[in-house]
Structures are given as C-alpha cells and as structure tokens.
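Take a look at the structure set out below.
The values are calculated or read from the model by the stated rules, or taken from the named source; none is laboratory data. These numbers come from a predicted model, not from an experiment. So basically every Cβ, Gly included, is an ideal-geometry build from the backbone, and we count neighbours across all protein chains shown.
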Amino acid sequence: MLYLLPHLDFGWAIDQAILGEEDRVVVVRFGHDWDETCMQMDEVMASVAETIKNFAVIYLVDITEIPDFNTMYELYDPCTVMFFFRNKHIMIDLGTGNNNKINWALKDKQEFINIVETVYRGARKGRGLVISPKDYSTKYRY
C-alpha cells in the first residue's frame, strides 16, 4: 500500500509537510515500510485517504531512512501514527497511557476516520489534547 500514499524521504520534507498545512490535520505514519504492522496500518490509511482529504492529509516516513525524528518523538515502536495541526503536535487520549501517538495497527476504517475527525475538531478549537471516541485500554481486550 506504500505506493498509494505520499512518502517523505528527507527530514526537510517532513518539516515542510507539517509547516505547510494550514487547514488540515497532518497524519504521519513513522515506521518501516516492510513491517507487517505498518502494512496493515497503511492499508487502512490508503483506503480512507480519499474520504478524509478535506480535513486531513497522510504521509509515510521510513524511520530507517530518516532517523532524525526517532529521539525527538520517541519512535521505538515498529509503527507509529502521529497527528499535527498548524505545526503543533496534537496529542490524543486513547486510554493507553501514551497520549503522543498510536503505536498499533487499526484494522477498522471507520475507527481511523473517527479518530482523525476527533483530532481535527479538537485542533480547530485550539486543543492540544483530544479524547478518543473509543477507549483502547487493555481492560476491554480489543
């Protein structure tokens, strides 16, 4: 699914993608292109990219090619999805304790659309932390 979404190949390109969007959420998937978890996430993101194009744009970054952001964003997981709006990192409370990013593959397209829409609505109101529409804590065993 890599070929369906724009891939950023330089640290400068990532900065420009985040800085350049004024009205849409920038969704960046950091990970390895060959990783199975990333492939699942990429498939979901590619299938909804057309649906959410009015309020979000999706980019892929291979963290082995561009290790510049690994320490800054603590990118230790095989697949990490982060959200930015007007050059500001938008955190999302998913019930997992890590509010900075999603570090697992979502399998449901509508779940991903709901999360991005929630981030967009909260970011437009000036919030730096939004609450996920679904609780992903382990006690519910998703």
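Quick rundown of the values:
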read-out: Single unsatisfied condition, Lys107 versus (1) in contact (Cβ under 8 Å) with a residue 60 or more places away in the chain; (2) closer than 21 Å to Gly20 by Cβ; (3) not small (Gly, Ala, Ser); value: (2)
read-out: Verdict on Asn100 being of a type outside the set (Phe, Trp, Tyr) and either surrounded by 13 or more Cβ atoms within 10 Å (Cβ to Cβ) or within 11 Å of the chain's Cα centre (by Cα) (or both); value: yes
read-out: Residues being among the aliphatic types (A, V, I, L, M) and either in a helix (DSSP H, G or I) or more than 19 Å from Met82 (Cβ to Cβ) (or both) - total across the range 42-56; value: 4
read-out: Options Val48, Val44, Val81; residue that is touching a Leu at 6+ places or on another chain (Cβ under 6 Å) and either surrounded by 16 or more Cβ atoms within 10 Å (Cβ to Cβ) or of a type outside the set (Lys, Arg) (or both); value: Val44
read-out: Enumeration of residues in the range 63-92 that are touching a residue at least 24 places away in the same chain (Cβ under 8 Å) and of a type in the set (Val, Ile, Thr); value: Ile63, Thr64, Ile66, Thr80, Val81, Ile90, Ile92
read-out: Filter pass, Asp33 being free of Cβ contacts under 8 Å to residues at least 60 places away in the same chain, closer than 22 Å to Ala105 by Cβ and among the acidic types (Asp, Glu); value: yes
read-out: Every residue from the range 57-83 that is outside any loop (DSSP other than H, G, I, E, B), at pLDDT below 95 and farther than 17 Å from Ala105 by Cα; value: Pro67, Asp68, Phe69
read-out: Residue selected from the range 110-131 under the condition more than 16 Å from Val44 (Cβ to Cβ) and in contact (Cβ under 8 Å) with a residue 40 or more places away in the chain, by the criterion surrounded by the fewest Cβ atoms within 10 Å (Cβ to Cβ); value: Gly128
read-out: Pro6 vs. criteria in contact with a strand residue (DSSP E or B) (Cβ under 6 Å, 6 or more places away or on another chain) and surrounded by fewer than 19 Cβ atoms within 10 Å (Cβ to Cβ); value: yes
read-out: Residue in the range 8-20 that is of a type outside the set (Lys, Arg), in a strand (DSSP E or B), at pLDDT below 90 and under 16 Å from the mean Cα position of the chain (by Cα) present; value: yes
read-out: Enumeration of residues in the range 84-104 that are more than 25 Å from Asp33 (Cβ to Cβ) and outside any loop (DSSP other than H, G, I, E, B); value: Phe85, Lys88, Met91, Asp93
